[in-house]
Structures are given as structure tokens and as C-alpha cells.
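S.K.: Handing you a structure now.
No value in this document is a laboratory result; all are computed from the given coordinates. In this text, all values refer to a predicted model and were calculated from it rather than measured experimentally. So basically every Cβ, Gly included, is an ideal-geometry build from the backbone, and we count neighbours across all protein chains shown.
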Amino acid sequence: MPATSREGNTVMKIRTLGRHAREGVKNLVRNGWMTFASISAVTITLLILGVFLILAMNVNFFAQNVEKQVEIRVFIDTLATKDNIASLEQNIKSIPKVASVQFIPKDEGLKQLRESMGEKAYLFEGMDKENPLPDAFVVKTKLPQETAAVASELKKLEFVSSINYGEGTVEKLFAATGAVRNVGIGFIIGLGFTAMFLIANTIKLTIVARRREIEIMKLVGATNWFIRWPFFVEGLLMGIMGALIPIVILIISYHYLVDAINGSLIASQMFQLLPLFPLVYQVALALLAIGAFIGIWGSLVSVRRFLRV
Amino acid sequence: MIEMFDVWKTYPNGTNALKGINIRIEKGEFVYVVGPSGAGKSTFIKLMYREEKPTKGQIFLGGFNVSRIKERQIPMVRRSIGVVFQDFKLLPTLSVFENVAFAMEVIEASPKQIKPRVMDVLGLVKLKHKAKMLPSELSGGEQQRVALARALVNNPGIIIADEPTGNLDPETSWEIMKLFEEINQRGTTVVMATHNREIVNTMRKRVVAIEAGQIARDEQRGEYGYED
Ligand SMILES: Nc1ncnc2c1ncn2[C@@H]1O[C@H](COP(=O)(O)OP(=O)(O)O)[C@@H](O)[C@H]1O
Ligand SMILES: [Mg+2]
């Protein structure tokens, strides 16, 4: 009687896979201009998406560089003895959020100050004998965002005379880089959905043209997956082909951009573009994956409606 | 082979197309389904290959409870039935051979099986010599013979036809009917909705008359019984 064991063979035969691939490619060729329109839509979307991805990754890189530079300077009371300083160092190290502690004797501190002043270093001439700077610790936190919290803890320790970590500036910087990141992610998601919608719509048109074929396939006993597969292949191919052009364009133009900027004077330790590799691999992979996903999703969404024949 | 128990069909718009159908069709029978236009003949046919679902009642067909099966089992039911329509339903871009082979490809038969089997059925409908032509290059009768070949190619136990001669002239209609007769004599059950009075009255078979969604008459070697 009604036997569940009489369902279709779910394991696809290799020959059938070949047929679906052939049908998918045939459909792409047969619907030449619509294929072209779809691929163009993916190309444009992925190009914009790729530019944003590269931009976002570089902003992220820049933010990380800036964050890495954030450090807390803990100035030590001039009355502290060597033992006092040693126990202070232990106390700082015992704060869990602290990543590293480095002792900067006052001579070293003066040298660093001079270097940072550049041309105006002459202002500090003759200070070597009467160095007004105290000894200090440079503290780095595990997470840059925890700087303020750690700073307030450090303030409470014995033999700490004062603390400097650029209050206010640091907080503002984190807020800014965070905002840039979020806007970038939002934009990329929005563009991704636009592309999916475009593909789904284009494949829908090609399916309408093949409505009769689907109807007959259902009549002679085709399973839904058998009907879906060629469209799946078609969508996948469109997505991947749509990703290839943006990948090539982005690799070439980013290559020139990196050459131009990282070799120039604007570049500094903080402001630098990410190197060509592995960035382009990552972006290429991301675009291929997104292109494939968009294509497959678009085709499956479109075909679903037509399977209820 | 085919059984219906108190089958009702109400379309979403409220039309009661079938009202309490009970019927039993044995393996190897040849049944005409006749009746006025709008009586429910097409609905009766559609329920069998699960194009439509009954609102109430049970339908058994070749080991399936067609009224109860899950969506994904529908293909299996259809593979045990061959369906033929008034408008042929051929794919215009495929050749005669490809149109028939299509039904075998869909159930994932191997090319080795497909070729000889398709030529066999094309031989049965006497169209071997036109295997490479497109449907548009054939007459209506020839197109219906291709459709019949496609319905037969997977060796179904049942052939269901909804007015297969509706678009054909009398002479061509007879050719098609002779093919159905031949197929039936090879053991295939045939259920055919038809308006063709001359055929029903000449090629005598079991006649089931549906009127206003109910079986009004069911006779062996019956007559058409309506003045068209
Ligand atoms: N898809 C449908 N939706 C609504 N009503 C339908 C549908 N198909 C058929 N009907 C109605 O059901 C009745 C029976 O139709 P049908 O089975 O096609 O009759 P026949 O084939 O005998 O001419 C008619 O009144 C028809 O209008
Ligand atoms: Mg009808």
C-alpha cells in the first residue's frame, strides 16, 4: 500500500549531475541577454562590495594600528625606593587586564620626549644634568578598549604620582573607528541583499520562459530536486562569473594603490595600506563565496514558486 | 487497480466539481468517461494523477493511496501513470525523439536504455521515420502520437487521457483510438475522458457518465448517450 520506501532515489547519479550541468549551461547560453544582465548586476554589486570590503579592512587595520599605539604612562613618585618600584611593578602586573609593563628610567623618558618633539628638541638642551622627569612604567592593556578602566585602577596604587594616557582622545578614537566599522558592515549587507534580489528576479524571468518545460517535467514524474538542479547550476555559474570581473579589477587597482601609497611619504607606521597579499586572496574568496551564495539563493527562491504545478 | 471511495472535490472558489464518486476500475480495463461540459470529467482525471487533491474521500491507484500521499511522493505516482492531453503538451524546441526521451531522462534512466526504448515506442506509434523532426513540422495527429509515445515510454500500468482526440479531425481521431486500443490489448489500463460520440458508440467499452459531479451511469459496452 502507501509505501514510503518508494520515494525517489536521493543519491544523484553522476550521469544525472552531468545532465544538470549541461542543462544549466545550455540555459545560460539560450537566455543570452538575460544571463548578461544578471551577470552585470552581480558584477556591479560585487565591485562596489569589494571596494567597501577593502576599505573596511583597511580602516580596521588602521584602527588596530592606532589602538596598538595606545599606552598608559605611569609616573613614579620620586621618593620611591628601588624596592618600592619593584613591588609597584608586581602590583601592576597582577592586574588581569594588563598585557605588558615596561620600566622607563627617567633618562630614557627624556630621550623619547626629545625624539617626539623633532625640531623643537633644543628646548630640552641642558636638561640632562637636572632631569625633571620622574621614572615611569609604560603599561599596555590586553584590549585597547580597557585602557580607561585600567588607568583608574593604576591611579589607586601606592607610589604612583600621576598617569597619562591621553584621556578623552582615546575614547573618541574608539568611538570613531567603531562607527566606521559598523557603517561599513551595514552598507555591505545592504548591497548584498540588493544583488540577491536582482538575481532572483532575473532567474525568475528565465524560469517563466521555461514554465511549460517544468510543467511537463512534473507530469512525467520528475522530482522537485531534479527540476531545481539546472537552475541551481545556472545561478551558481552566474554568481561566480559575476565575481570574476570585480576580482580582477580590484587586484589590479589595489596593486597600484599599494605601490603608490605605501612607497610615498604619507605612509607612516600608523597610516599604511594592508599589503596586497593576503588581502586580495581574502577579498577574492569572499566575493566568490558571496557571488555563489547570491546566485544559488536567487535561483532557488525563484524556482520554488514554479514547483507547485 | 484504481478505486475511489466517496470522493468529493470542492475548488477553492466553492465549485462542487465532484460529489461522492465511488468507482472501481480493474487492471486491463478500457473506460470512457463521458458527460456534458463542466460535469467534472477533467477533475476526475486530475485526481488520479494527483494534479488535484480530493476534498474528501479515498483514492487508491496502483498501490498508492493517492489521496493521502506526501508531496514528495507525487513523482512516484506519476511514474506509474502515462498522461495524454488534448493539447499534446510537447516541448517545441525538442525533436520528436528528444520529447519522448525526456520522460526517461527525468526518471534517470541510462542513455543505453533510453535509445532503444524510445525507438521502440516510436515504432509502436509509427513515427520512427520522423524521430528527428520538431513538433511544429508534424500534423496534429502525429503530435498526439508523439505525446502517446511519451506517455508509454516508461511502461506505465495505466494510461489516462483527457479528450485526446478533441483537437483532431475524425479520420486522425480513429488512428489515435486504434493506438489506444492496441495499447490496452497489451495489458495497459486506459481511462479516457471524451466527447467523441461516434468513437464511443463504435469502439464499444465500459462507459462511465458523469453528470453534475456524480456518476449517472456505468455500463459495460455502453453508449455515449448524449446529443451533442
Ligand atoms: N481550477 C478550478 N477552479 C475552480 N473551478 C474549477 C476548476 N477546474 C474546474 N472547475 C469547475 O469544476 C467543474 C467541473 O469542471 P471539469 O472537471 O473541468 O469538467 P469537464 O472536464 O467535465 O468539462 C466546472 O464547473 C468547472 O468550472
Ligand atoms: Mg474537461
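S.K.: Search the structure for amide H atoms under 5 Å from the amide H of B:GLY82, placed 1.01 Å from N in the peptide plane, and list their residues when 5 or more places away or on another chain.
M.R.: Correct list: B:ILE158, B:ILE159, B:ILE160.
S.K.: Something else now. Return the single residue from B:THR43, B:THR172, B:THR15 with maximal mean-square fluctuation; model: Gaussian network over chain B, springs between Cα atoms under 10 Å.
M.R.: So, out of B:THR43, B:THR172, B:THR15, the one fluctuating most is B:THR15.
S.K.: Count, for each residue of A:130-143, the Cβ atoms from other chains sitting within 10 Å of its Cβ, then give me the mean as a whole number.
M.R.: For peptide A:130-143, the averaged partner shielding equals 0.
S.K.: Let me ask something else. Compute the angle between helix B:170-185 and the longest alpha-carbon principal axis of chain B, please, reported from 0 to 90 degrees and rounded to the nearest 10.
M.R.: Taking the Cα atoms of chain B, the angle to B:170-185 is about 90 degrees.
S.K.: Using DSSP, restrict attention to beta bridges with both residues in the protein assembly as shown and report what percent are antiparallel, rounded to the nearest 5.
M.R.: Approximately 65 percent, going by the DSSP bridge assignments.
S.K.: Just the C-alpha atoms of the protein assembly as shown: what Rg/Rh do they give, with Rh taken as the Kirkwood radius?
M.R.: Using Cα coordinates only, the ratio equals 1.31.
S.K.: Using only alpha carbon pairs under 8 Å that are at least six residues apart, calculate the relative contact order of the range B:89-155 and give it in whole percent.
M.R.: Result for the range B:89-155 is 50 percent.
S.K.: Run the helix sum for chain A: -39,500 (n - 2.57) per DSSP H stretch of 4+ residues, divided by residue count, reported at 222 nm to the nearest 500 deg cm²/dmol.
M.R.: The per-residue figure over chain A is -23500 deg cm²/dmol.
S.K.: Let me know the mean shielding of B:79-87 by other chains, meaning the per-residue number of their Cβ atoms within 10 Å of its Cβ.
M.R.: 2
S.K.: Next question, about the same structure. Please report the relative contact order for chain A, taking Cα pairs under 8 Å with a sequence separation of at least 6, and give it as a percent rounded to a whole number.
M.R.: Relative contact order for chain A comes out at 30 percent.
S.K.: I need to check one value: relative contact order of the range B:148-228, counting alpha carbon pairs closer than 8 Å and at least 6 residues apart, in percent.
M.R.: This gives 26 percent for the range B:148-228.
S.K.: Search the structure for amide H atoms under 5 Å from the amide H of B:GLY20, placed 1.01 Å from N in the peptide plane, and list their residues when 5 or more places away or on another chain.
M.R.: Long-range HN contacts for B:GLY20: B:VAL7, B:TRP8, B:LYS9.
S.K.: The range B:164-228: which trypsin sites (Lys or Arg not before Pro) are DSSP loop and have at most 16 other beta-carbon atoms within 10 angstrom?
M.R.: Here the sparse-neighbourhood loop sites are B:ARG186, B:ARG204, B:ARG221.
S.K.: Hey, another quick one. Within straight cross-link reach of A:LYS140, meaning Cα distance under 14 Å, which aspartates and glutamates are found once same-chain residues fewer than 8 apart are removed?
M.R.: A:GLU67, A:GLU71, A:GLU89, A:GLU153
S.K.: Report the Stokes-Einstein translational diffusion coefficient (µm² s⁻¹, integer) for the range B:94-228, Rh taken as the Kirkwood radius over Cα pairs, at 25 °C with viscosity 0.890 mPa s.
M.R.: Calculated translational D: 153 µm²/s.
S.K.: Moving on to the next point. Using +1 at the Cβ of each Lys and Arg and -1 at the Cβ of each Asp and Glu in the range B:89-155, identify which of B:VAL125, B:GLY140, B:ASN155 lies farthest towards the dipole's positive end.
M.R.: Of the listed residues, the answer is B:VAL125.
S.K.: Within the range A:43-131, report the trypsin sites (Lys or Arg not before Pro) that DSSP leaves as loop and that have at most 12 other Cβ atoms within 10 Å.
M.R.: For trypsin sites (Lys or Arg not before Pro) across the range A:43-131 that sit outside H, G, I, E and B with at most 12 neighbouring Cβ atoms in 10 Å, the list reads A:LYS129.
S.K.: Can you work out the FRET efficiency for the pair B:LYS128 and B:LYS56, with r the C-beta to C-beta distance and R0 = 45 Å, to the nearest 0.05?
M.R.: The value I calculate is 0.45.
S.K.: Take peptide B:68-75, look around each residue's Cβ out to 10 angstrom, count Cβ atoms belonging to other protein chains, and average those counts.
M.R.: Across B:68-75, the average partner-chain Cβ count within 10 Å equals 5.
S.K.: Between A:ALA175 and A:ILE189, what length comes free when the chain is fully extended (0.36 nm per residue of separation minus the Cα-Cα distance, one decimal in nm)?
M.R.: Full extension of this stretch gives 2.9 nm more.
S.K.: Restricting things to Cα coordinates, could you compute the convex hull volume per residue of chain B in Å³?
M.R.: 126
S.K.: I would also like to ask the following. Give the long-range amide H neighbours of B:ARG217: residues separated by 5 or more places, or on another chain, with amide H under 5 Å away, using H modelled in the peptide plane at 1.01 Å from N.
M.R.: Those qualifying (amide H under 5 Å, at least 5 residues apart or on another chain) are B:ALA209.
S.K.: Hey, can you rank A:292-303, A:19-30 by average C-beta count inside 10 Å, highest first?
M.R.: Highest to lowest by the protection proxy: A:292-303, A:19-30.
S.K.: Here is a follow-up. Taking chain B as the reference, fit the longest principal axis to its C-alpha atoms, fit the long axis of helix B:140-152 to the helix C-alpha atoms, and give the angle between the two in degrees, 0 to 90, nearest 10.
M.R.: Value to nearest ten degrees: 80.
S.K.: Something else about it: Once both axes come from the Cα atoms, what is the angle between helix A:106-117 and the longest principal axis of chain A, in degrees from 0 to 90, rounded to 10?
M.R.: 60
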